[in-house]
Amino acid sequence: MDSAANAPHLSRTRPAAIALWLQIIAAMVIAMVVIGGITRLTESGLSITQWQPITGVIPPLTHAQWEHEFALYQATPQYRNLAGPAGMDLAGFRFIFFWEWSHRLLGRLIGLVFALPLVWFWARNAIPKGYKPRLLALLALGGLQGVFGWYMVRSGLHGDRIAVSHFWLSIHLLTALFTLGGLVWTALDLRRLARIARTRPARWTRAATLAAPILAIQLMLGAWVAGLNAGHASDSWPLMQDRFVPQFNDSQGLFHAMTHDPFLIHFEHRWWAWAVVVALVWFARRVRPLDRAASVAIHIALGTQILLGISVILLDVPLWLAAAHQLVGALVVVAFTWGAHVLGRRPG
(Lines give C-alpha, C1' and ligand atoms only; values in the text may rest on other atoms or scores of the structure.)
Protein backbone atom coordinates (compact mmCIF):
# COMPACT_ATOMS: atom_id res chain seq x y z
CA MET A 1 0.00 0.00 0.00
CA ASP A 2 2.75 2.45 0.99
CA SER A 3 4.79 1.50 -2.07
CA ALA A 4 1.86 2.15 -4.37
CA ALA A 5 1.14 5.47 -2.71
CA ASN A 6 4.74 6.58 -3.10
CA ALA A 7 5.06 5.48 -6.73
CA PRO A 8 3.57 8.64 -8.28
CA HIS A 9 5.89 10.84 -6.20
CA LEU A 10 8.95 8.78 -7.13
CA SER A 11 8.05 8.93 -10.81
CA ARG A 12 7.96 12.74 -10.69
CA THR A 13 11.54 13.13 -9.45
CA ARG A 14 14.07 13.95 -12.14
CA PRO A 15 17.55 13.11 -10.82
CA ALA A 16 19.10 12.78 -14.28
CA ALA A 17 17.72 16.13 -15.45
CA ILE A 18 18.84 17.87 -12.27
CA ALA A 19 22.30 16.31 -12.60
CA LEU A 20 22.60 17.64 -16.15
CA TRP A 21 21.48 21.10 -15.00
CA LEU A 22 24.13 21.10 -12.26
CA GLN A 23 26.79 20.01 -14.74
CA ILE A 24 25.91 22.97 -16.96
CA ILE A 25 26.24 25.30 -13.98
CA ALA A 26 29.57 23.68 -13.09
CA ALA A 27 30.82 24.40 -16.62
CA MET A 28 29.71 28.02 -16.20
CA VAL A 29 31.57 28.25 -12.90
CA ILE A 30 34.72 26.97 -14.60
CA ALA A 31 34.31 29.67 -17.25
CA MET A 32 33.80 32.17 -14.43
CA VAL A 33 37.07 31.09 -12.82
CA VAL A 34 38.95 31.50 -16.10
CA ILE A 35 37.47 34.93 -16.82
CA GLY A 36 38.20 35.90 -13.23
CA GLY A 37 41.82 34.92 -13.77
CA ILE A 38 42.03 37.01 -16.93
CA THR A 39 40.42 39.90 -15.06
CA ARG A 40 43.15 39.75 -12.45
CA LEU A 41 45.99 39.27 -14.93
CA THR A 42 44.89 42.29 -16.97
CA GLU A 43 44.51 44.45 -13.82
CA SER A 44 40.83 44.85 -14.68
CA GLY A 45 39.23 44.08 -11.34
CA LEU A 46 39.05 47.67 -10.10
CA SER A 47 37.68 49.18 -13.30
CA ILE A 48 34.10 49.09 -11.99
CA THR A 49 34.06 50.91 -8.68
CA GLN A 50 30.42 50.36 -7.72
CA TRP A 51 28.35 47.30 -6.94
CA GLN A 52 25.05 47.56 -8.81
CA PRO A 53 23.58 44.06 -9.04
CA ILE A 54 20.65 45.12 -11.25
CA THR A 55 21.58 48.25 -13.19
CA GLY A 56 25.17 47.10 -13.59
CA VAL A 57 24.04 44.56 -16.18
CA ILE A 58 23.97 47.30 -18.82
CA PRO A 59 27.42 48.66 -19.71
CA PRO A 60 28.00 52.30 -20.66
CA LEU A 61 26.35 52.97 -24.02
CA THR A 62 27.23 56.59 -24.73
CA HIS A 63 30.48 58.51 -24.74
CA ALA A 64 29.29 60.53 -21.75
CA GLN A 65 28.58 57.35 -19.79
CA TRP A 66 32.03 56.01 -20.62
CA GLU A 67 33.60 59.27 -19.49
CA HIS A 68 31.68 59.05 -16.21
CA GLU A 69 32.87 55.49 -15.52
CA PHE A 70 36.42 56.46 -16.45
CA ALA A 71 36.27 59.40 -14.05
CA LEU A 72 35.23 57.05 -11.23
CA TYR A 73 38.18 54.79 -12.03
CA GLN A 74 40.55 57.76 -12.18
CA ALA A 75 39.75 58.41 -8.52
CA THR A 76 41.12 54.99 -7.49
CA PRO A 77 44.62 54.45 -6.09
CA GLN A 78 45.32 52.02 -8.92
CA TYR A 79 44.80 54.69 -11.55
CA ARG A 80 46.64 57.40 -9.64
CA ASN A 81 49.66 55.24 -8.90
CA LEU A 82 49.79 52.78 -11.79
CA ALA A 83 47.44 53.10 -14.75
CA GLY A 84 47.54 56.91 -14.93
CA PRO A 85 51.33 57.25 -14.92
CA ALA A 86 51.42 54.44 -17.50
CA GLY A 87 49.30 56.61 -19.80
CA MET A 88 45.96 54.80 -19.76
CA ASP A 89 43.39 56.51 -21.96
CA LEU A 90 39.68 55.88 -22.46
CA ALA A 91 40.34 53.08 -24.96
CA GLY A 92 42.56 51.30 -22.45
CA PHE A 93 39.93 51.74 -19.78
CA ARG A 94 37.26 50.24 -22.01
CA PHE A 95 39.44 47.14 -22.42
CA ILE A 96 39.80 46.49 -18.69
CA PHE A 97 36.16 47.45 -18.09
CA PHE A 98 35.11 44.74 -20.56
CA TRP A 99 36.77 41.98 -18.55
CA GLU A 100 35.38 43.05 -15.18
CA TRP A 101 31.92 43.62 -16.64
CA SER A 102 32.02 40.20 -18.36
CA HIS A 103 33.06 38.56 -15.09
CA ARG A 104 30.19 40.15 -13.19
CA LEU A 105 27.69 39.48 -15.98
CA LEU A 106 28.56 35.79 -16.03
CA GLY A 107 28.10 35.70 -12.26
CA ARG A 108 24.61 37.11 -12.67
CA LEU A 109 23.83 34.60 -15.42
CA ILE A 110 24.97 31.73 -13.21
CA GLY A 111 22.63 32.98 -10.50
CA LEU A 112 19.70 33.02 -12.91
CA VAL A 113 20.54 29.66 -14.45
CA PHE A 114 20.61 28.21 -10.95
CA ALA A 115 17.66 29.97 -9.34
CA LEU A 116 15.02 29.77 -12.09
CA PRO A 117 15.30 26.03 -12.84
CA LEU A 118 15.51 25.37 -9.09
CA VAL A 119 12.11 27.02 -8.66
CA TRP A 120 10.72 24.97 -11.55
CA PHE A 121 12.10 21.66 -10.26
CA TRP A 122 10.83 22.50 -6.78
CA ALA A 123 7.34 23.39 -8.01
CA ARG A 124 7.17 20.18 -10.05
CA ASN A 125 8.25 18.04 -7.07
CA ALA A 126 11.10 16.86 -9.28
CA ILE A 127 13.81 17.12 -6.62
CA PRO A 128 14.55 13.77 -4.95
CA LYS A 129 14.13 13.49 -1.21
CA GLY A 130 17.01 14.94 0.78
CA TYR A 131 18.45 17.12 -1.99
CA LYS A 132 16.52 20.35 -1.44
CA PRO A 133 18.73 21.57 1.44
CA ARG A 134 21.85 20.80 -0.56
CA LEU A 135 20.61 22.73 -3.59
CA LEU A 136 19.67 25.69 -1.40
CA ALA A 137 23.14 25.58 0.16
CA LEU A 138 24.74 25.68 -3.30
CA LEU A 139 22.56 28.65 -4.22
CA ALA A 140 23.59 30.41 -1.01
CA LEU A 141 27.25 29.73 -1.78
CA GLY A 142 26.78 31.41 -5.13
CA GLY A 143 25.32 34.47 -3.45
CA LEU A 144 28.12 34.49 -0.90
CA GLN A 145 30.61 34.35 -3.75
CA GLY A 146 29.20 37.59 -5.10
CA VAL A 147 29.49 39.24 -1.69
CA PHE A 148 33.10 38.08 -1.33
CA GLY A 149 33.82 39.39 -4.82
CA TRP A 150 32.63 42.85 -3.86
CA TYR A 151 34.65 42.84 -0.64
CA MET A 152 37.64 41.87 -2.75
CA VAL A 153 37.08 44.79 -5.11
CA ARG A 154 36.47 47.18 -2.24
CA SER A 155 39.79 46.19 -0.69
CA GLY A 156 41.57 47.81 -3.64
CA LEU A 157 39.61 51.06 -3.74
CA HIS A 158 41.04 52.71 -0.63
CA GLY A 159 44.39 53.81 0.72
CA ASP A 160 47.39 53.42 -1.53
CA ARG A 161 46.66 49.93 -2.85
CA ILE A 162 47.12 49.39 -6.57
CA ALA A 163 45.44 45.98 -6.53
CA VAL A 164 42.90 44.01 -4.55
CA SER A 165 43.91 42.20 -1.39
CA HIS A 166 45.45 38.85 -2.24
CA PHE A 167 43.75 37.45 0.85
CA TRP A 168 40.30 38.44 -0.42
CA LEU A 169 41.26 37.16 -3.85
CA SER A 170 42.05 33.74 -2.39
CA ILE A 171 38.78 33.69 -0.44
CA HIS A 172 36.92 34.59 -3.63
CA LEU A 173 38.65 31.87 -5.64
CA LEU A 174 38.43 29.14 -3.02
CA THR A 175 34.72 29.80 -2.51
CA ALA A 176 34.19 29.43 -6.26
CA LEU A 177 36.14 26.17 -6.35
CA PHE A 178 34.37 24.83 -3.27
CA THR A 179 31.06 25.61 -4.98
CA LEU A 180 32.33 23.88 -8.12
CA GLY A 181 33.17 20.80 -6.08
CA GLY A 182 29.73 20.84 -4.48
CA LEU A 183 28.04 21.07 -7.87
CA VAL A 184 30.05 18.18 -9.28
CA TRP A 185 29.56 16.03 -6.17
CA THR A 186 25.80 16.59 -6.14
CA ALA A 187 25.53 15.91 -9.87
CA LEU A 188 27.40 12.63 -9.41
CA ASP A 189 25.09 11.64 -6.56
CA LEU A 190 22.05 12.37 -8.71
CA ARG A 191 23.41 10.58 -11.78
CA ARG A 192 23.95 7.51 -9.65
CA LEU A 193 20.46 7.85 -8.17
CA ALA A 194 19.04 7.96 -11.70
CA ARG A 195 20.73 4.63 -12.46
CA ILE A 196 20.22 2.90 -9.12
CA ALA A 197 16.93 3.69 -7.38
CA ARG A 198 17.15 4.52 -3.66
CA THR A 199 20.94 4.60 -3.70
CA ARG A 200 22.45 6.60 -0.86
CA PRO A 201 24.61 9.71 -1.43
CA ALA A 202 28.36 9.20 -1.35
CA ARG A 203 30.15 9.98 1.89
CA TRP A 204 33.32 12.00 2.47
CA THR A 205 36.21 9.64 3.22
CA ARG A 206 39.37 9.81 5.28
CA ALA A 207 41.51 9.72 2.14
CA ALA A 208 39.72 12.80 0.80
CA THR A 209 40.14 14.52 4.15
CA LEU A 210 43.89 13.95 3.99
CA ALA A 211 44.36 15.06 0.38
CA ALA A 212 41.91 17.97 0.14
CA PRO A 213 43.75 20.41 2.47
CA ILE A 214 47.01 19.87 0.58
CA LEU A 215 45.28 20.77 -2.67
CA ALA A 216 43.45 23.70 -1.06
CA ILE A 217 46.71 25.21 0.20
CA GLN A 218 48.13 25.10 -3.31
CA LEU A 219 45.03 26.76 -4.74
CA MET A 220 45.29 29.46 -2.08
CA LEU A 221 48.96 30.02 -2.87
CA GLY A 222 48.10 30.27 -6.55
CA ALA A 223 45.60 33.02 -5.75
CA TRP A 224 48.25 34.82 -3.71
CA VAL A 225 50.69 34.57 -6.61
CA ALA A 226 48.08 36.11 -8.92
CA GLY A 227 47.12 38.79 -6.42
CA LEU A 228 50.71 39.92 -5.88
CA ASN A 229 51.82 39.48 -9.51
CA ALA A 230 54.33 37.05 -8.06
CA GLY A 231 54.41 35.01 -11.24
CA HIS A 232 56.88 37.59 -12.53
CA ALA A 233 59.20 37.05 -9.56
CA SER A 234 61.22 34.56 -11.58
CA ASP A 235 61.41 33.39 -15.18
CA SER A 236 63.68 30.43 -14.44
CA TRP A 237 63.06 26.93 -13.17
CA PRO A 238 63.88 25.14 -10.92
CA LEU A 239 66.09 27.88 -9.43
CA MET A 240 65.04 31.44 -8.62
CA GLN A 241 67.69 34.18 -8.87
CA ASP A 242 70.20 31.35 -9.39
CA ARG A 243 69.30 30.10 -5.92
CA PHE A 244 67.02 27.41 -4.57
CA VAL A 245 65.51 29.77 -1.99
CA PRO A 246 65.25 33.31 -3.38
CA GLN A 247 66.12 36.44 -1.51
CA PHE A 248 63.08 37.94 0.19
CA ASN A 249 62.17 40.66 2.65
CA ASP A 250 61.84 39.25 6.17
CA SER A 251 62.13 42.57 7.98
CA GLN A 252 58.68 42.05 9.51
CA GLY A 253 59.25 38.43 10.38
CA LEU A 254 59.17 35.15 8.52
CA PHE A 255 55.42 34.63 8.78
CA HIS A 256 54.74 38.04 7.28
CA ALA A 257 57.16 37.27 4.48
CA MET A 258 55.51 33.90 3.84
CA THR A 259 52.14 35.61 3.42
CA HIS A 260 53.16 38.89 1.75
CA ASP A 261 56.51 38.69 -0.03
CA PRO A 262 56.04 37.94 -3.77
CA PHE A 263 59.35 36.11 -4.11
CA LEU A 264 58.76 33.81 -1.17
CA ILE A 265 55.12 33.16 -2.11
CA HIS A 266 56.23 32.26 -5.63
CA PHE A 267 58.74 29.86 -4.10
CA GLU A 268 56.06 28.34 -1.85
CA HIS A 269 53.66 27.85 -4.75
CA ARG A 270 56.16 26.19 -7.06
CA TRP A 271 57.43 23.74 -4.46
CA TRP A 272 54.19 23.00 -2.59
CA ALA A 273 53.04 21.72 -5.97
CA TRP A 274 55.15 18.63 -5.38
CA ALA A 275 53.36 17.96 -2.10
CA VAL A 276 50.17 18.07 -4.16
CA VAL A 277 51.68 15.62 -6.65
CA VAL A 278 52.50 13.15 -3.88
CA ALA A 279 49.07 13.53 -2.26
CA LEU A 280 47.02 13.26 -5.44
CA VAL A 281 49.02 10.40 -6.93
CA TRP A 282 48.50 8.51 -3.68
CA PHE A 283 44.83 9.47 -3.77
CA ALA A 284 44.42 8.42 -7.41
CA ARG A 285 45.98 5.04 -6.68
CA ARG A 286 43.26 4.44 -4.10
CA VAL A 287 40.63 5.43 -6.66
CA ARG A 288 42.00 3.29 -9.50
CA PRO A 289 40.64 -0.13 -8.39
CA LEU A 290 37.15 1.34 -8.14
CA ASP A 291 37.07 3.61 -11.20
CA ARG A 292 40.03 3.68 -13.55
CA ALA A 293 38.65 6.63 -15.53
CA ALA A 294 38.50 8.85 -12.45
CA SER A 295 42.06 7.90 -11.52
CA VAL A 296 43.31 8.67 -15.03
CA ALA A 297 41.49 12.01 -14.97
CA ILE A 298 43.30 13.01 -11.77
CA HIS A 299 46.68 12.06 -13.25
CA ILE A 300 46.06 13.88 -16.54
CA ALA A 301 44.75 17.06 -14.92
CA LEU A 302 47.57 17.12 -12.38
CA GLY A 303 50.32 16.42 -14.91
CA THR A 304 48.98 19.04 -17.30
CA GLN A 305 48.79 21.58 -14.50
CA ILE A 306 52.41 20.99 -13.48
CA LEU A 307 53.62 21.42 -17.07
CA LEU A 308 51.54 24.56 -17.51
CA GLY A 309 52.85 26.01 -14.26
CA ILE A 310 56.47 25.53 -15.30
CA SER A 311 55.72 26.94 -18.76
CA VAL A 312 54.05 30.01 -17.28
CA ILE A 313 57.23 30.69 -15.30
CA LEU A 314 59.65 30.14 -18.19
CA LEU A 315 57.63 32.29 -20.60
CA ASP A 316 57.07 35.09 -18.05
CA VAL A 317 53.33 34.69 -17.57
CA PRO A 318 51.75 35.10 -21.02
CA LEU A 319 48.06 35.80 -20.61
CA TRP A 320 46.77 32.84 -22.62
CA LEU A 321 49.00 30.37 -20.80
CA ALA A 322 48.18 31.76 -17.37
CA ALA A 323 44.47 31.51 -18.23
CA ALA A 324 45.01 27.88 -19.26
CA HIS A 325 46.75 27.30 -15.92
CA GLN A 326 43.67 28.69 -14.18
CA LEU A 327 41.38 26.50 -16.27
CA VAL A 328 43.26 23.30 -15.55
CA GLY A 329 43.42 24.20 -11.86
CA ALA A 330 39.62 24.13 -11.85
CA LEU A 331 39.69 20.82 -13.72
CA VAL A 332 42.00 19.38 -11.06
CA VAL A 333 39.28 20.23 -8.53
CA VAL A 334 36.69 18.51 -10.72
CA ALA A 335 38.84 15.40 -11.11
CA PHE A 336 39.61 15.28 -7.39
CA THR A 337 35.90 15.62 -6.57
CA TRP A 338 35.12 12.78 -8.95
CA GLY A 339 37.73 10.59 -7.29
CA ALA A 340 36.53 11.50 -3.80
CA HIS A 341 33.00 10.62 -4.83
CA VAL A 342 34.14 7.25 -6.16
CA LEU A 343 35.80 6.43 -2.84
CA GLY A 344 32.71 7.48 -0.92
CA ARG A 345 30.08 5.57 -2.87
CA ARG A 346 27.94 3.24 -0.81
CA PRO A 347 25.67 0.36 -1.76
CA GLY A 348 22.08 1.36 -2.47
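The rows are residues; the columns are (1) assigned to a helix (DSSP H, G or I); (2) closer than 24 Å to MET28 by Cα; (3) assigned by TED's automatic domain parsing to the domain that holds TYR131; (4) at pLDDT 95 or above.
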site: LEU173; (1), (2), (3), (4): yes, yes, yes, yes
site: ALA176; (1), (2), (3), (4): yes, yes, yes, yes
site: ALA208; (1), (2), (3), (4): yes, no, no, yes
site: LEU215; (1), (2), (3), (4): yes, yes, no, yes
site: ASP235; (1), (2), (3), (4): no, no, no, no
site: SER251; (1), (2), (3), (4): no, no, no, no
site: PHE255; (1), (2), (3), (4): yes, no, no, yes
*Working carefully through the options LEU183, LEU177, find the one that is more than 18 Å from HIS103 (Cα to Cα), buried (at least 19 other Cβ atoms within 10 Å of the Cβ) and aliphatic (A, V, I, L, M).*
LEU183
*Which of the residues spanning the stretch 11-46 are hydrophobic (A, V, I, L, M, F, W, C) and part of a loop (DSSP other than H, G, I, E, B)?*
LEU46
_I need the full set of residues from the stretch 40-54 which are farther than 12 Å from ALA322 by Cβ and among the hydroxyl-bearing types (Ser, Thr, Tyr), in order please._
SER44, SER47, THR49
_List pairs: first residue in the stretch 275-299 and within 18 Å of LEU219 (Cβ to Cβ), second residue modelled with pLDDT under 95 and part of a helix (DSSP H, G or I) anywhere in the structure, Cβ distance under 8 angstrom, at least six positions apart or on different chains._
none
*Can you work out which of the residues in the stretch 235-250 that are of a type in the set (S, T, N, Q) and under 24 Å from LEU321 (Cβ atoms) is surrounded by the fewest Cβ atoms within 10 Å (Cβ to Cβ)?*
SER236
*Quick one: how many residues across the stretch 147-171 are at pLDDT 90 or above, of a type in the set (Val, Ile, Thr) and within 21 Å of ALA230 (Cα to Cα)?*
3
*Residues that are surrounded by fewer than 16 Cβ atoms within 10 Å (Cβ to Cβ) and either among the small types (Gly, Ala, Ser) or in contact with a Phe, Trp or Tyr (Cβ under 6 Å, 6 or more places away or on another chain) (or both), drawn from the stretch 91-125*: ALA91, GLY92, ALA115, ALA123
_Of the criteria (1) out of contact with any strand residue (DSSP E or B) (no Cβ under 9 Å at 6 or more places or on another chain); (2) in a loop (DSSP other than H, G, I, E, B); (3) surrounded by 17 or more Cβ atoms within 10 Å (Cβ to Cβ), which one PHE283 fails_ = (2)
*Near pairs, Cβ below 7 angstrom, 6+ apart or cross-chain, from the stretch 14-28 (farther than 9 Å from LEU183 by Cα) to any residue that is part of a helix (DSSP H, G or I) and among the hydroxyl-bearing types (Ser, Thr, Tyr)*: none
*With the condition kept exactly as written, say whether any residue in the stretch 281-296 is hydrophobic (A, V, I, L, M, F, W, C), under 23 Å from GLY231 (Cβ atoms) and not assigned by TED's automatic domain parsing to the domain that holds GLY182.*
no
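The values are calculated or read from the model by the stated rules, or taken from the named source; none is laboratory data. The structure displayed is predicted, hence computed values, not measured ones. Cβ sites come from the backbone with ideal geometry, for glycine too, and all protein chains shown count toward neighbours.
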